[in-house]
Amino acid sequence: MAKSASAAGGATNRGNDVYTRRMNLPMNLQALAEPAAWKSINDGVMGGLSHSRYLVDEEGCARFEGTVSLENQGGFASVRHVLRQLVPANSRQIRLRALGDGHVYKFSLRTDDAFDGISYQADFLPASHQWMDIDLGLDQFAATFRGRPASAAALTSFGQIRQIGLMIANRQVGDFCLKLRLISFL
């Protein structure tokens, strides 16, 4: 599970990022500030009753929120975004600036545009009392297929990424809300 790189309150290293006005997201990922660009994929694909959505609130923060239910063999909620631009191949980590709610979340990466298939996931637990930066390196992402460990080639470059996503799973029943101010490839 990822740990905080630094509490997000003071100055941070923005590298080459150019920020949008509406939300603190790098310009090359500006589409992330558009809720319509994110698709909910919940356990309803298996008959479950969980639900989620991705929105940008009045403060300009992205929110991944909803409810996880175990009814009808359910238990997960997620959102996914197809990248419109390639991630620089020399990126070494993903930085999330997040405010949590006590739940463990997954950041997901996919190397193709397909709906189903191999996903690379890394768990992270953001603080619930203050914003924090969470850095995720390539070595933290494990191959999965439909939520289970999978045999697949290791992720060798963030330049392979075509889709990103957020997920809550592992029987964490009830309402959830993850807030994000930044998703950046560094």
| field | Output for region 140-156, where each listed residue is outside any strand (DSSP E or B) and modelled with pLDDT under 95 | value | Arg146, Gly147, Ala150, Ser151, Ala152, Ala153, Ala154, Leu155, Thr156
| task | Return a yes/no flag: does region 146-166 have any residue that is surrounded by 17 or more Cβ atoms within 10 Å (Cβ to Cβ), β-branched (Val, Ile, Thr) and within 19 Å of Ile41 (Cβ to Cβ). | result | yes
| request: Look through region 108-126, keep the residues that are crowded, with 18+ Cβ neighbours inside 10 Å and in a loop (DSSP other than H, G, I, E, B), and return whichever of them is modelled with the lowest pLDDT. | output: Thr111
| Residue that is farthest from Ile164 (Cα to Cα) [pool: residues in region 71-93 that are modelled with pLDDT of 95 or more and hydrophobic (A, V, I, L, M, F, W, C)] | Phe76
| task | Being among the β-branched types (Val, Ile, Thr) and part of a loop (DSSP other than H, G, I, E, B) is the filter here, so list the residues in region 80-105 that pass it. | result | Val87, Val104
| request: Name, by its number, the condition in (1) outside any loop (DSSP other than H, G, I, E, B); (2) more than 18 Å from Ser40 (Cβ to Cβ) that does not hold for Glu59. | output: (1)
| note | Residues of region 38-66 being more than 23 Å from Ile183 (Cα to Cα) and either surrounded by fewer than 18 Cβ atoms within 10 Å (Cβ to Cβ) or aromatic (Phe, Trp, Tyr) (or both), in sequence order, are Gly44, Val45, Met46, Gly47, Leu49
| remark: Counted residues in region 33-56 being part of a helix (DSSP H, G or I), under 18 Å from the mean Cα position of the chain (by Cα) and farther than 17 Å from Lys106 by Cα come to 4
| message | Which count do you get for residues in region 140-186 that are without any contact (Cβ under 8 Å) to a residue 24 or more places away in the chain and not hydroxyl-bearing (Ser, Thr, Tyr)? | response | 5
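The values are calculated or read from the model by the stated rules, or taken from the named source; none is laboratory data. Keep in mind the model is a prediction, meaning the values are calculated, not measured. Quick reminder, even Gly has a Cβ in these numbers, built from the backbone with ideal geometry, and neighbours come from all protein chains shown.
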